[in-house]
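The values are calculated or read from the model by the stated rules, or taken from the named source; none is laboratory data. Keep in mind the model is a prediction, meaning the values are calculated, not measured. With ideal geometry, Cβ positions are generated from the backbone for all residues, glycine too; neighbour counts draw on all protein chains shown.
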Amino acid sequence: MAQVKCGVKGVFVAINDSATVPLVVLSDGSDRVLPIFIGIWEAVSINSAMNHELLPRPFTHDLFIDLCQKCAIRIRFLQIDSIVDGVYYAQLVLSTAGRDEYLDCRPSDGIALAIRGDVPIFVEESVLEEAGQKNEDLPQVVDLASFLQK
């Protein structure tokens, strides 16, 4: 399968009559985006990493990056490789002692780590075909930072 390099377009909150749910939106550079609904703490972590915020105490994702650095483990990339019943599956590809290791992870955790580690995010083309949307088809969203300031 083909992998498509994507970037993080932003972290948002989708608002409708029944719920308010955080989501991260990936983009492949075209008019196609991939919205992934995530937890609030993962949304805050991704947003902090995107804004290069250094907090007085490390988030779990910061701790993981520090651990990798101290143990000579390099995060090579994140791959979001499938979607089953609306649930996304991903793997971090790590390099240690000259070999690659694949670590199952939630896409939201992988995205938070990929941003912190400045490594690429890849999405399988089949996932983009199944769950990708045009930007204008996204639900009504508000930027996470604006939402948190209310």
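Filter region 21-63 down to residues that are touching a Pro at 6+ places or on another chain (Cβ under 7 Å) and in a helix (DSSP H, G or I) and give me whichever is surrounded by the fewest Cβ atoms within 10 Å (Cβ to Cβ).
Across region 21-63, the extreme among qualifying residues is Ile40.
Residues of region 77-107 being among the hydroxyl-bearing types (Ser, Thr, Tyr) and in contact (Cβ under 8 Å) with a residue 24 or more places away in the chain, which ones?
Selection gives Ser82, Tyr88, Thr96.
Scan region 68-121 residue by residue and report those that are under 21 Å from Pro58 (Cα atoms) and β-branched (Val, Ile, Thr).
Residues satisfying the conditions are Ile73, Ile75, Ile111, Ile115, Val119.
Which of the residues spanning region 5-55 are in contact with a helix residue (DSSP H, G or I) (Cβ under 9 Å, 6 or more places away or on another chain), among the small types (Gly, Ala, Ser) and over 19 Å from Phe77 (Cβ atoms)?
Gly10, Gly39, Ala43, Ser48
Hey, does region 130-147 have a residue that's of a type in the set (Ser, Thr, Tyr) and either under 30 Å from Leu67 (Cβ atoms) or within 17 Å of the chain's Cα centre (by Cα) (or both)?
no
Enumerate the pairs (first residue in region 14-36 and within 21 Å of Tyr89 (Cβ to Cβ) and touching a residue at least 12 places away in the same chain (Cβ under 8 Å); second residue anywhere and among the hydroxyl-bearing types (Ser, Thr, Tyr) and in a strand (DSSP E or B)) with beta-carbon separation below 6 Å, excluding pairs fewer than 6 apart on the same chain, so at least 6 apart or on different chains.
Close Cβ pairs satisfying both conditions: Val33/Ser27; Ile36/Tyr88.
Which of the residues spanning region 117-135 are in a helix (DSSP H, G or I) and either of a type in the set (Phe, Trp, Tyr) or more than 18 Å from Val13 (Cβ to Cβ) (or both)?
If the condition is that a residue be in a helix (DSSP H, G or I) and either of a type in the set (Phe, Trp, Tyr) or more than 18 Å from Val13 (Cβ to Cβ) (or both), then Gly117, Glu125, Ser126, Val127, Leu128, Glu129, Glu130, Ala131 are the ones that fit.
From the set of residues in region 91-116 that are outside any strand (DSSP E or B) and modelled with pLDDT under 95, which is surrounded by the most Cβ atoms within 10 Å (Cβ to Cβ)?
This residue is Ala97.
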